[in-house]
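Q: First, the structure itself, so that you have it in front of you.
The values are calculated or read from the model by the stated rules, or taken from the named source; none is laboratory data. Since the structure is predicted, the reported quantities are computational estimates derived from the model, not experimental observations. Cβ sites come from the backbone with ideal geometry, for glycine too, and all protein chains shown count toward neighbours. What goes into the accessible areas is simple: the full protein's heavy atoms, side chains included, and nothing from ligands, DNA or RNA. Shrake-Rupley method; radii C 1.70, N 1.55, O 1.52, S 1.80 Å.
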Amino acid sequence: QVQLVESGGGLVQPGGSLRLSCAASGSIFSPSTMGWNRQAPGKERELVATITSGGRTNYADSVKGRFTISRDNAKITVYLQMNSLKPEDTAVYYCNARYGLATNWGQGTQVTVSS
């Protein structure tokens with residue numbers, strides 16, 4: 001069974017940076033696409049960024065130029081470097097990985113941007 005374990009969340013001041021990591025395990029296959037979504041209180045879960053096994057990336061407009069998604073295929077790990085953080089980035093961030101038609105999700109990690 002596929003497991004995704006996230007790390008790196010926390011409390012940061014506006015303008016600060018955080019790096020999230022998510023390691024996948026439990027499958028002999030590598031995921032085609034990995035990514036991050038987030039959910040703020042009272043809001044729907046939204047896409048943040050995705051990256052394919054070939055390195056093609058996609059970002060939400062709200063994070064373009066501030067966030068960078070990357071991936072280590074050997075470690076089956078996806079990263080999200082978040083710079084110039086804003087209070088509106090506060091949310092639970094969920095890692096996801098697509099294997100064929102199935103998408104697996106991590107348990108989520110809290111990111112709070114506040115002074």
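Q: Measuring from label point to label point, each 7 Å out along Cα→Cβ, what is the V2 to R45 span in nm?
A: Simple spin-label model gives 1.3 nm for this pair.
Q: Another question, if that's okay. Provide the gained length on full extension for the span R19 to K64, in nm with one decimal, where the gain is 0.36 nm per separating residue minus the Cα-Cα distance.
A: 14.6 nm
Q: Taking the Cα centre of the chain as origin, sum charge times position over the Cβ atoms of Lys and Arg (+1) and Asp and Glu (-1), and report the length of that vector in debye to the nearest 20.
A: Here the chain has a charge dipole of around 180 debye.
Q: Collect residues whose amide H, placed 1.01 Å from N in the peptide plane, falls under 5 Å from the amide H of L85; neighbours closer than 5 in sequence don't count.
A: For L85, the qualifying residues are G15, G16.
Q: Could you pull out every residue, at least 5 positions away or on a different chain, whose amide H is within less than 5 Å of the one on N73? Hs are placed 1.01 Å off N in the peptide plane, and Pro or chain starts have none.
A: none
Q: What accessible area per residue, rounded to a whole number of Å², is obtained for the chain using a probe radius of 1.4 Å?
A: 54
Q: Towards the positive end of the charge dipole of the chain, with charges on Cβ (+1 Lys, Arg; -1 Asp, Glu), say which of L85, G100, P14 has the farthest Cα.
A: After comparing all options, I get G100.
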